[in-house]
Amino acid sequence: MLLKLYLAYNQRSIYKIPLIMLRPVPLIITLLMLSIITFATAFTTGSISLSISEIWATFTSDEPAIAHTIIWDLRAPRAYIAFVTGGLLSLAGVLMQVLLRNPLADPYILGVSGGASVATLIAMLLGISGSWLSGSAFIGALISILLVFGLSHGKGSWNPTRLLLTGVVIAAGWGAMINFILSITPDKPLRGMLFWLMGDINHVNIELSPLIVLVIGVLISFALARQLNILSRGDLQASALGVSVSSLRISLFLLASLLTAFAVTQTGSIGFIGLIVPHMLRLLSGSDHRLLIPASVLLGGNLLLISDTLARTIVAPHQLPVGVITAFIGVPFFLFLLNRNFQRQTA
């Protein structure tokens, strides 16, 4: 079904005419202010509500208190990981859509998430937990990256269509393995597996490695922004303007895949963030990647942080998988994008 959507959708229909043309500086300032608001909301909202003054007291006092424990042991790590993971997925989505020249591309289309999921489920089945679980996810993602790249390159020419088809097939194979593992898993670990597959930001720690990867990814992507703008116009025009299309595509594939691998390692599979965030910003500010890259990181981080806050408060004290919330947000917006694009084609 997903492959049919890809092939049926117009590959040149990435939105070039925004609904509202926002200038770069006001847009970035707005997103930064939104980040402050979303972090404050994440810190104050939960099973136990906290005031701004109580949160501020945790910054200025080291005395053990309930508020200090709630903020720094529970909510701050979740907010940090949610924001960074949203940034990783959004940036990977931007790069994938340019790489495949398809507006429906998202970070998971090439099977990176599937490889990480299979490795993680196997580790869970063997009773592995903690940092070893994250390591298993990353190894599975790397295996998937090598498989897709090796099979799509092969002995013939390397092109986006071949890469896409290879990724879709590999992803389908991982999906079959996931179903097989779930079908033979005892009931006790099954709930944890399902939560991870739907996106789970529980039991996370504040580690610098995801943030470092995000910063490096933003710097590399921003350095390639001019070439990305040219490549989005087509291979022939990019080659005529001096862009090494083959080298650039390989770089985009590796960078987007590694960003996705780190995101999946942290939180499991969380859909729609890498798909809808780039489109939101194209509707607001156009397709200049010099603005789209940093703005996508900020908006993606905010969107996933908002989703995580909703996931742990809607049915509190119970928690929902954050992937459920992102799907509720992403599905109607995605349908709006499809409807708008088809109306433009038939106008």
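Observations on the model:
- Between the listed residues L320, F39, L236, the Cα displaced farthest toward the positive end of the dipole of the chain, a dipole computed from Cβ unit charges relative to the Cα centre, is found at L236.
- Options [x] 37, 24, 15; [y] 37, 22, 19; [z] 33, 26, 18 - which one matches semi-axes √(5λ) of the Cα gyration tensor in Å as calculated here: [z]
- With 0.36 nm allotted per residue and the present C-alpha distance subtracted, the H153-S247 stretch has 32.6 nm of extension available.
- Largest-first principal axis extents of the Cα set of the stretch 159-222 (Å): 46, 39, 13
- Charge-dipole axis of the chain as Lys and Arg at +1 and Asp and Glu at -1 on Cβ define it, positive-most pick from Q227, A67, L211: Q227
- Taken along the Cα-to-beta-carbon direction at a fixed 7 Å, the label points for I52 and N179 span 5.2 nm.
- The stretch 141-226 - charge dipole about Cα centre, Lys and Arg +1 at Cβ, Asp and Glu -1, debye rounded to 20: 300 debye
- A simple rule links phi to the HN-Hα coupling: the Karplus curve 6.51 cos²θ - 1.76 cosθ + 1.60 with θ = phi - 60°, which for the stretch 295-306 gives 5, 5, 4, 5, 5, x, x, 5, 5, 6, 5, 4 Hz, with x for Gly and Pro.
- Cα-based helix-to-principal-axis angle, 76-99 vs the chain, degrees rounded to 10: 0 degrees
- Each Lys and Arg contributes +1 and each Asp and Glu -1, all at the Cβ; summed about the Cα centre of the chain, the dipole is approximately 1380 debye.
- Computed from Cα atoms, the angle from the helix 24-44 axis to the main principal axis of the chain rounds to 30 degrees.
- Degrees, to the nearest 10: 160-184 long Cα axis against longest axis of the chain: 40 degrees
- Equivalent ellipsoid dimensions for the stretch 206-347 as semi-axes, Å, which come from the Cα gyration tensor, largest first: 30, 22, 12
- The gain in end-to-end length when the S209 to V331 segment is fully stretched comes to 40.8 nm, 0.36 nm per residue minus the alpha carbon separation.
All of the numbers you see were taken from the coordinates with simple rules; none came from a lab. Remember, it's a predicted structure, so these values are computed and weren't measured experimentally. Here Cβ is always computed from backbone atoms with ideal geometry, including for glycine, and neighbour counts include all displayed protein chains.
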